[in-house]
Amino acid sequence: MHTIGGAPNGLAAILCLSFDHRAELAGLRAFKAALADLPFVVSAVEVSGACDLIVEVRFADMADYRARLDALSEPLAHYVTRIETSFVCAPIDVPQPSGADPDPVFWVRCDDGHRRIAARDIDRVTAERDYVRLHVGISSWLYHGRIHELADRLCPSPFIRLHRSALVRHDHIDRFVHHGRRWTARLVDGAEQPVSRGCVPDMLRMIGDRSSMHAPPSSISVRPVEPRPTAVENLVR
């Protein structure tokens with residue numbers, strides 16, 4: 001999601017929606033896509049746990065909030081069994097540790113010398129004895145250093161440690177899949193990264209779900225809901 005904070009001249013809120021799972025699947029998909037495309041919706045993500053969809057919204061004022069939700073009362077009644085609203089009071093600024101580098105740079109050996117790799121370009125980091133491998137797209141380079149040293153520089157944002165031998169950039173993760181007692185991260189390039197048991201709490205904190213530690217087999221998407229040009233009002237015609 002985008003950074004959450006009160007709008008200068010407006011009202012910011014977080015809506016948590018639980019869907020009626022008896023509803024027709026195609027209609028529910030269209031409803032979610034159309035909801036994400038509404039002008040007052042900042043972002044929307046599907047989750048697993050206490051609700052099914054978290055939506056960040058901004059309104060002009062309380063009257064605008066009530067009017068917008070009243071206009072959506074029919075599709076909400078059709079697809080949603082519960083909706084909870086939390087109004088944003090103020091953002092919490094988390095200062096970086098003194099001397100922290102907001103965008104670390106790593107110099108790696110290449111055929112004709114050394115190459116500069118910016119942290120923002122790295123998709124994931126894997127451990128190889130006294131080295132780590134920096135993965136950038138389809139290429140990778142060895143860097144002399146221990147993975148715990150890179151974790152100190154890259155985590156908890158924009159990377160997360162999913163295993164003692166693996167760090168992954170948040171936006172390189174497509175979804176988390178839960179089978180039995182095991183979690184696996186499916187990455188946007190199609191690769192899979194097992195999540196070690198000790199890293200599961202950090203994973204659940206990242207996606208805002210503390211109820212899935214012992215949940216039945218499921219998957220949690222961490223990619224934004226893709227908006228489509230369908231208006232919610234058209235769904236109920």
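Points worth noting:
- Flag set for residue 176, criterion: under 17 Å from residue 202 (Cα atoms) and among the aromatic types (Phe, Trp, Tyr).
- Residue that is nearest to the chain's Cα centre (by Cα), among those in the range 118-150 that are surrounded by fewer than 18 Cβ atoms within 10 Å (Cβ to Cβ) and of a type in the set (A, V, I, L, M): 136
- Strands (runs of 3 or more DSSP E) wholly inside the range 161-237 containing at least 1 residues that are modelled with pLDDT under 90: 173-179, 182-187, 218-221
- Members of the range 26-47 found to be assigned to a helix (DSSP H, G or I), touching a residue at least 12 places away in the same chain (Cβ under 8 Å) and out of contact with any strand residue (DSSP E or B) (no Cβ under 8 Å at 6 or more places or on another chain), listed by number: 27, 30, 31, 33, 34
- Scanning the range 122-150 for residues that are outside any loop (DSSP other than H, G, I, E, B) and free of Cβ contacts under 8 Å to residues at least 12 places away in the same chain yields 133, 139, 140, 148, 149.
The values are calculated or read from the model by the stated rules, or taken from the named source; none is laboratory data. Please read these numbers as outputs of a predicted model, since none were measured by experiment. Positions of Cβ are generated from backbone atoms using ideal geometry, with glycine treated the same way; all protein chains shown enter the neighbour counts.
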